[in-house]
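Computed from the coordinates by the stated procedures, all read-outs in this text should not be read as laboratory data. As the structure is a computational prediction, the values presented were derived from the model and not from experiment. Quick reminder, even Gly has a Cβ in these numbers, built from the backbone with ideal geometry, and neighbours come from all protein chains shown.
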Amino acid sequence: MTEAPTTSGPGAVHFATSLSPHRSLSPDGFKWVIRGAIAANLAIGLPMLVLGAWPVMGFMGLDVWLLWWLFKRSYLDARRSETLVLTDSELLVDRVAPDGEREEHRLDAYWLRLDITEERLVAISKGNRLVIGRFLSPDARLELGEQLKAALAEMRAPQFKHEWDE
């Protein structure tokens, strides 16, 4: 999560962050996992082939293919993202799906409240509910909720300008 600096004035941005799913395995790590799976399957499958149990090799190949497909699916899901921007008037949530499809949600900041639990973070405004950061870990979701809540409290706090402040 990255946070933008706070600015002052009308239409000020009080909070901004970009969210994306975390993947702990790098592409090079993925290659090594697949190579290791192939080596382990060959170490088991070749003796089976020699002993006459040739169908085992097919299932071993299916095993590697399924592992490869699941990791590729996981990397595809990692291309999703959410951008949150809290201004004086609204919370703007811009979502990008793995296939590149975008959707934008705008919630009135005046009526905005947050329902924060470990399971989900829900922004509620004028009866509209929006789940934010579904792909985040529970700790990251709680941290984001607290940061957003603090930004809302700061935005709503009255600010008085006096002659002696200048």
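Rounded to the nearest 10 degrees, the inclination of helix 138-156 to the longest alpha-carbon principal axis of the chain is 10 degrees.
Let's see if you can work this out: charge +1 on each Lys and Arg Cβ, -1 on each Asp and Glu Cβ, no other charges. What is the dipole magnitude of the chain about its Cα centre, in debye to the nearest 20?
Dipole about the Cα centre, nearest 20: 840 debye.
Cross-link reach is defined here as a Cα-Cα straight distance under 19 Å, omitting same-chain residues fewer than 8 places apart; for Lys31 the lysines meeting it are Lys72.
For Lys31 and Asp115, the FRET efficiency from 1/(1 + (r/R0)^6), where r spans their Cβ atoms and R0 equals 41 Å, is about 0.45.
List the GluC sites (Glu not before Pro) within segment 117-163 that fall in a DSSP loop (any state other than H, G, I, E or B) and whose Cβ has at most 16 other Cβ atoms within 10 Å. Don't skip to the answer; put the middle values down first.
On the way: sites: Glu118, Glu119, Glu143, Glu146, Glu154, Glu163; in loops: Glu118, Glu119.
Within segment 117-163, the qualifying GluC sites (Glu not before Pro) (loop, at most 16 other Cβ atoms within 10 Å) are Glu118, Glu119.
For segment 116-156, the list of trypsin sites (Lys or Arg not before Pro) that fall in a loop by DSSP and count at most 10 other C-beta atoms within 10 angstrom reads Lys126. Once you have the Kirkwood Rh of segment 27-77 from its Cα pairs, apply Stokes-Einstein at 20 °C and 1.002 mPa s and quote D in µm²/s. In µm²/s, the coefficient rounds to 185.
May I ask you to derive the FRET efficiency for Asn128 and Gln159 from their Cβ-Cβ distance with R0 = 30 Å, giving the value to the nearest 0.05? That gives a FRET efficiency of 0.65.
Expressed in nm to one decimal, what extension gain is obtained for the pair Ser89 and Val50 from 0.36 nm per residue of sequence separation less their Cα-Cα distance?
Working: separation 39, 0.36 × 39 = 14.04 nm, distance 7.20 nm.
The span from Ser89 to Val50 would gain 6.8 nm if fully extended.
Exposed loop positions in the chain were taken to be chymotrypsin sites (Phe, Trp or Tyr not before Pro) whose DSSP state is not H, G, I, E or B and which have at most 16 other beta-carbon atoms within 10 angstrom. Between these positions, the longest stretch is 1-109.
Beyond 30 Å, what percent of the Cα pairs of the chain remain? Intermediate results must be reported in sequence, preceding the final value.
Numbers: 5701 of 13695 pairs.
Value for the chain: 42 percent of Cα pairs lie more than 30 Å apart.
Of all lysines in the structure, those lying under 30 Å Cα to Cα from Lys161, and not within fewer than 8 positions of it along the same chain, are Lys149. Placing a pseudo-label 7 Å from each Cα along the Cα-to-Cβ vector at Asp63 and Glu146 gives an inter-label distance of 4.4 nm.
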